[in-house]
Amino acid sequence: MPNPTIAIVGNPNCGKTALFNQLSGLRQKTGNFAGVTVDKKTADIRVDHQKLTIVDLPGTYSLYPLTEDEHIVAKVLLDPANEVHPDAVLFIADPDQLERHLLLYTQIRDLGFPMFLGLSMADVAEKKGLKVDTEELARRLGHPVVSFSIRNKSGLDVLSKELISVLEKDRSHKPIYALTSLEDQLVKDLDHGMTPYGRLVLAHHATEFSFLEERDREEIERKKKELSFDAMSAQVEETLSRFNWIERIISAVVANEKDYLESNSLRADRIITHKLIGPLIFLFILFLMFQAIYTIAEAPMQWIEQVFALSSNFLKGLVPAGWARDMVTEGILPGLAGVLVFIPQISILFFILGLLEESGYLARAVFLFDRFFQRLGLNGRSLIAFVSASACAIPAIMSTRSIKSRKERILTIMVTPFISCSARTPVYIVLVGFIVANQKIWGIISLQGLVFLSFYLLGIGAVIIFALILRLFLKSNEPSFLMLELPDYKWPNLTDILFSTWLKVKSFIIEAGKIIFLISMVLWVMASYGPSGRDAYVEEKIEQFKVDPGSKEASIDEVKNAALLESSYAGILGKWIEPVIRPLGYDWKIGIALITSFAAREVFVSTMATIYSIGSEEDTEGIKQKMQAEVNSRTGEKQYTQATALSLIVFYIFAMQCMSTLAVVRKETGSWKWPAIQFFMMTGLAYLASLIVYQVLS
Amino acid sequence: MSSKVTDITILECRKGTVKGVKDHPLKGRLLSLGILKGKSIEIIHTSLFSGAYYVRVGTQTFGLRKEELEQILVS
């Protein structure tokens, strides 16, 4: 039998995710790449030997959903067949916003769930001089009310105990909102084993709930017409009647000991959200973020590279040569090193994003740029997607669920992958050395960091241009809104952020690691074996070299290795694509990397690592040195010139090379049309731009 | 609620007490954010490009667009 399920529900910014992290610890099951809380998260926990499943649902304001993530909450609570439909609800409210937060509370209560109330951030409320009489509140609501604080670790034991007892006792409540006679007529024939209010909510959203049967939906719509039911005014009347009930409770249980003073947050916002200073602060924060990523991550990245080089050499010394050893040392290890090496950077990025979100700053940035994005056909909330996309496009695309208008949402999804994600960084890191030297300006600002910033700016430029172009083709009459809550600033809980950073990095390692592991093995096989006639080809090349070594200072071994790779399956594939990419300045080896990185960009580095490791005995030199030494076999010149490196980087900035992103776009837009357009639009631009860069520079 | 000549929106006076919200597709959401009759309301400032408005309602703060503020009646 499955565990009893308890859903944690509340408004956005009520502090429930922090509680969920506290209760679940490392047992969380998040979807792949669950980024900003857009999907439901679950965890199996144990309280007093009893097993429970807790679910963290996205924050929502009411059971009248406007956006995709609010729909998730309504669906989970109203569809008894939903996999995480709860047996009971723990409702979380911020005592400071109790009046508003109780609106959703009364709605959920009228759905008939056994529930209890948790008052979060008890410490903060107390400081503000806010006194909530929890005993009186519990008496009036008819169930326990628990005040808790994650920071002070207070009230958490009581809260855990209540998770069990809420399941044991019969807690049916008298409904707070009584249906009007018109509403009663509308829902009286609708039977889904629900309370009258549950049926009313079903009726309101009948067309949007796919779990209802077609017949039921049609019947409800017919009745709405017959009774000339005005959904909007019914919703307004219900809301006002609920607030009436809430007001009586609030006046009895909440005492505000201090007069209203302009809060610190508001005072800070006079500067932080100032129309001129605000955007400057935002840019400065971005600048700091990238500096942090490229300076702090430098040392750990070198350690990781060294560990892999050492273990590869160690293995070569320990195990005699053979195909199995070679596959590990030349295929899998370099491949894995290629992905693991940029974990420090992703971790820092996710961590800083977490700080910005948790502290309340991200909402301010949305506010600041709403108008700007509106002009591009987007929404202020698109900013959250763009900032997250600097880590990974996948959680970014999922975060667009908070955008109501379909046009704004699709536009955001279409241009988001132009933002340079962390999978591009290893490519940039490897190539940036061919463009500028690693030095510091004024002793602190990393020059390569600045060049990196320009790569990001190129991506942002593409976002703006393509948003403007695409908006011409997308028409919509749907209302667009901002209505953005700007919650008080708070000190982010570091454990919480470290924890969620770890979860994201972990899923990144697993997801990217799987692809890279597989591709590295396939690639190794393709680069190590070739069609028959290969030996003869290699012999011929060696003979040729013996007769005429030319100007090349190469050993027979190197000539042999080059000939072997050239005549392998991978070599043949690279040669096949070479005519197409030669105008961009690439040879067939880069061609192999381009092909493999259409699965995922970071594969570029691991492919390079694998290709240049085949046949090499020592792994002491890094991938960059190998690339530096690389000579184009056709021209006899160095392969990686400034022109080639820049052309390659431009290609990686613009091209759509991520199967996982395309799959998520398909899922979020509901059609293959959008990912297909996205693929050709981005890759076409990449080809053109790289062509221009190379032809102009070389 | 019929719109009378005496009804003024928050945009016109920048500070006041909420009297109600006009009938509008987003009325329900404005109410559920706690923009209710009797609350004190004040426009603090606007963002760049004469964009969103920074608004205080009671002890809470919101970012609202011009079209959204046009629905809020004050006295």
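The values are calculated or read from the model by the stated rules, or taken from the named source; none is laboratory data. Because the structure is predicted, anything quoted here is derived from the model rather than measured. Cβ atoms come from the backbone with ideal geometry, glycine included; neighbour counts cover every protein chain shown. Heads up: the accessible areas ignore ligands, DNA and RNA and are worked out on the full protein's heavy atoms, side chains in. Shrake-Rupley method; radii C 1.70, N 1.55, O 1.52, S 1.80 Å.
Here is a list of conditions, (1) at pLDDT 90 or above; (2) under 19 Å from A:Thr195 (Cα atoms), and A:Lys161 meets all of them except one; can you say which number that is?
(2)
Looking at the stretch B:51-65, which of its residues are in a loop (DSSP other than H, G, I, E, B), surrounded by fewer than 24 Cβ atoms within 10 Å (Cβ to Cβ) and at the interface with chain A (Cβ under 7 Å from one of its Cβ atoms)? Don't jump to the end; show me each part of the working.
Initial filter on the stretch B:51-65 (in a loop (DSSP other than H, G, I, E, B)): B:51-52, B:58-59, B:65.
Still in the list and also surrounded by fewer than 24 Cβ atoms within 10 Å (Cβ to Cβ): B:51, B:58-59, B:65.
Those that are in a loop (DSSP other than H, G, I, E, B), surrounded by fewer than 24 Cβ atoms within 10 Å (Cβ to Cβ) and at the interface with chain A (Cβ under 7 Å from one of its Cβ atoms): B:Gly51, B:Thr59, B:Arg65.
Which condition does A:Leu472 not pass, out of (1) touching a residue at least 60 places away in the same chain (Cβ under 8 Å); (2) farther than 30 Å from A:Arg270 by Cα, if it passes all the others?
(1)
Give the stretch A:467-501 a look and list any residue that's charged (D, E, K, R) and not in a loop (DSSP other than H, G, I, E, B), or say none.
Filtering the stretch A:467-501 down to residues charged (D, E, K, R) leaves A:471, A:475, A:478, A:485, A:488, A:490, A:496.
Listed by number, the residues that qualify are A:Arg471, A:Glu485, A:Asp496.
Is it the case, given these coordinates, that A:Ile249 is at pLDDT below 90 and open to solvent by less than 30 Å² (accessible area, probe 1.4 Å)?
On the way: at pLDDT below 90: no; open to solvent by less than 30 Å² (accessible area, probe 1.4 Å): yes.
The answer is no for A:Ile249.
Please go through the stretch A:260-306 and pick out each residue that is at pLDDT below 85, surrounded by 13 or more Cβ atoms within 10 Å (Cβ to Cβ) and within 14 Å of another protein chain (Cβ to nearest Cβ).
A:Ser263
Report, by residue number, each residue of the stretch A:670-698 that is in contact (Cβ under 8 Å) with a residue 60 or more places away in the chain, open to solvent by 40 Å² or more (accessible area, probe 1.4 Å) and outside any loop (DSSP other than H, G, I, E, B).
Across the stretch A:670-698, the qualifying residues are A:Ile677, A:Leu685, A:Tyr687, A:Leu691, A:Tyr694, A:Gln695.
Among A:Leu383, A:Leu362, A:Leu336, A:Leu356, which is within 17 Å of A:Ile285 (Cα to Cα), away from every other protein chain (no Cβ under 14 Å) and out of contact with any Cys (no Cβ under 6 Å at 6 or more places or on another chain)? Can you show your working first?
Values: A:Leu383 fails: away from every other protein chain (no Cβ under 14 Å); A:Leu362 fails: away from every other protein chain (no Cβ under 14 Å); A:Leu336 fails: within 17 Å of A:Ile285 (Cα to Cα).
The unique qualifying residue is A:Leu356.
So if I check each of A:Leu240, A:Leu200, A:Leu212, which one is in contact with an Asp or Glu (Cβ under 7 Å, 6 or more places away or on another chain) and either open to solvent by less than 30 Å² (accessible area, probe 1.4 Å) or at the interface with another protein chain (Cβ under 10 Å from one of its Cβ atoms) (or both)?
Working: A:Leu240 fails: in contact with an Asp or Glu (Cβ under 7 Å, 6 or more places away or on another chain); A:Leu212 fails: in contact with an Asp or Glu (Cβ under 7 Å, 6 or more places away or on another chain).
Being in contact with an Asp or Glu (Cβ under 7 Å, 6 or more places away or on another chain) and either open to solvent by less than 30 Å² (accessible area, probe 1.4 Å) or at the interface with another protein chain (Cβ under 10 Å from one of its Cβ atoms) (or both) holds for just one of A:Leu240, A:Leu200, A:Leu212, which is A:Leu200.
Within the stretch B:21-50, work out how many residues are at negative phi and more than 9 Å from every other protein chain (Cβ to nearest Cβ).
6
Where in the stretch A:332-406 are there helices (runs of 4 or more DSSP H), lying fully within it, with 2 or more residues that are within 30 Å of A:Trp303 (Cα to Cα)? Step through it out loud before you land on a result.
Numbers: elements: A:333-340, A:343-359, A:361-375, A:382-389, A:393-399.
The helices (runs of 4 or more DSSP H) meeting that bar are A:333-340, A:343-359, A:382-389, A:393-399.
Suppose we filter the stretch A:216-230 for residues that are of a type outside the set (Asp, Glu) and loosely packed, with under 14 Cβ neighbours inside 10 Å; how many remain? Write out each step before concluding.
Our first condition is that a residue be of a type outside the set (Asp, Glu); within the stretch A:216-230, this holds for A:217, A:220, A:222-225, A:227-229.
Next, from what is left, pick out any that are loosely packed, with under 14 Cβ neighbours inside 10 Å: A:222, A:225, A:227-228.
Residues in the stretch A:216-230 being of a type outside the set (Asp, Glu) and loosely packed, with under 14 Cβ neighbours inside 10 Å: 4 in total.
Can you name the number of the only condition in (1) without any contact (Cβ under 8 Å) to a residue 60 or more places away in the chain; (2) within 14 Å of chain B (Cβ to nearest Cβ); (3) of a type outside the set (A, V, I, L, M); (4) open to solvent by less than 10 Å² (accessible area, probe 1.4 Å) that A:Thr412 fails?
(2)
Any idea which of (1) assigned to a strand (DSSP E or B); (2) more than 9 Å from every other protein chain (Cβ to nearest Cβ) is the one B:Leu11 doesn't satisfy?
(1)
Search the stretch A:126-151 for residues that are among the basic types (Lys, Arg) and pair each with any residue that is in a strand (DSSP E or B) and open to solvent by 20 Å² or more (accessible area, probe 1.4 Å) when their beta-carbon atoms are under 7 Å apart and the residues are at least 6 apart or on different chains.
Final answer for the pair search is A:Lys131/A:Ala255.
Checking the structure you have, find out if any residue of the stretch A:336-353 is open to solvent by 40 Å² or more (accessible area, probe 1.4 Å), of a type outside the set (Gly, Ala, Ser) and modelled with pLDDT of 80 or more.
Taking the stretch A:336-353 and keeping what is open to solvent by 40 Å² or more (accessible area, probe 1.4 Å), we get A:336, A:340, A:351.
Subsequent filtering for residues that are of a type outside the set (Gly, Ala, Ser) retains A:336, A:340, A:351.
Checking which are modelled with pLDDT of 80 or more leaves us with A:351.
Yes, that holds for at least one residue.
Go through the stretch A:51-67 and give me each residue that's under 18 Å from A:Leu212 (Cβ atoms) and open to solvent by 10 Å² or more (accessible area, probe 1.4 Å). Can you show your working first?
Of all residues in the stretch A:51-67, those under 18 Å from A:Leu212 (Cβ atoms) come to A:63-65.
Listed by number, the residues that qualify are A:Tyr64, A:Pro65.
Identify all residues within the stretch A:508-521 that are open to solvent by 20 Å² or more (accessible area, probe 1.4 Å) and in contact with a Phe, Trp or Tyr (Cβ under 9 Å, 6 or more places away or on another chain); write none if there are none.
Restricting attention to the stretch A:508-521, the residues satisfying the condition of being open to solvent by 20 Å² or more (accessible area, probe 1.4 Å) are A:509-511, A:514-515, A:517-519, A:521.
A:Glu511 - this is the single residue of the stretch A:508-521 that is open to solvent by 20 Å² or more (accessible area, probe 1.4 Å) and in contact with a Phe, Trp or Tyr (Cβ under 9 Å, 6 or more places away or on another chain).
Mind telling me which of the residues A:Ser120, A:Ser165 ends up being under 38 Å from the mean Cα position of the chain (by Cα), open to solvent by less than 40 Å² (accessible area, probe 1.4 Å) and without any contact (Cβ under 8 Å) to a residue 24 or more places away in the chain? Show your work before the answer.
Details: A:Ser120 fails: without any contact (Cβ under 8 Å) to a residue 24 or more places away in the chain.
Of the residues listed, the single one that is under 38 Å from the mean Cα position of the chain (by Cα), open to solvent by less than 40 Å² (accessible area, probe 1.4 Å) and without any contact (Cβ under 8 Å) to a residue 24 or more places away in the chain is A:Ser165.
Determine the pairs where a residue that is open to solvent by 40 Å² or more (accessible area, probe 1.4 Å), located within the stretch A:173-188, has a partner that is among the β-branched types (Val, Ile, Thr) with Cβ atoms under 7 Å apart, the partner being 6 or more residues away or on another chain.
Pairs found: A:Pro175/A:Thr195.
Output yes when any residue across the stretch A:307-323 is hydrophobic (A, V, I, L, M, F, W, C), within 14 Å of chain B (Cβ to nearest Cβ) and either open to solvent by less than 30 Å² (accessible area, probe 1.4 Å) or in contact (Cβ under 8 Å) with a residue 40 or more places away in the chain (or both), and no when none is. Steps first, answer last, please.
Going through the stretch A:307-323, the residues hydrophobic (A, V, I, L, M, F, W, C) turn out to be A:307-310, A:314-315, A:318-319, A:321, A:323.
Remaining after also requiring within 14 Å of chain B (Cβ to nearest Cβ): none.
Checked the stretch A:307-323: no residue is hydrophobic (A, V, I, L, M, F, W, C), within 14 Å of chain B (Cβ to nearest Cβ) and either open to solvent by less than 30 Å² (accessible area, probe 1.4 Å) or in contact (Cβ under 8 Å) with a residue 40 or more places away in the chain (or both).
For the stretch A:224-237, does any single residue satisfy the condition of being farther than 25 Å from A:Val73 by Cα, within 11 Å of another protein chain (Cβ to nearest Cβ), modelled with pLDDT of 85 or more and out of contact with any Gly (no Cβ under 7 Å at 6 or more places or on another chain)? Don't jump to the end; show me each part of the working.
Step one: of the stretch A:224-237, the residues farther than 25 Å from A:Val73 by Cα are A:225-228.
Then keep just the ones that are within 11 Å of another protein chain (Cβ to nearest Cβ); that gives none.
No.
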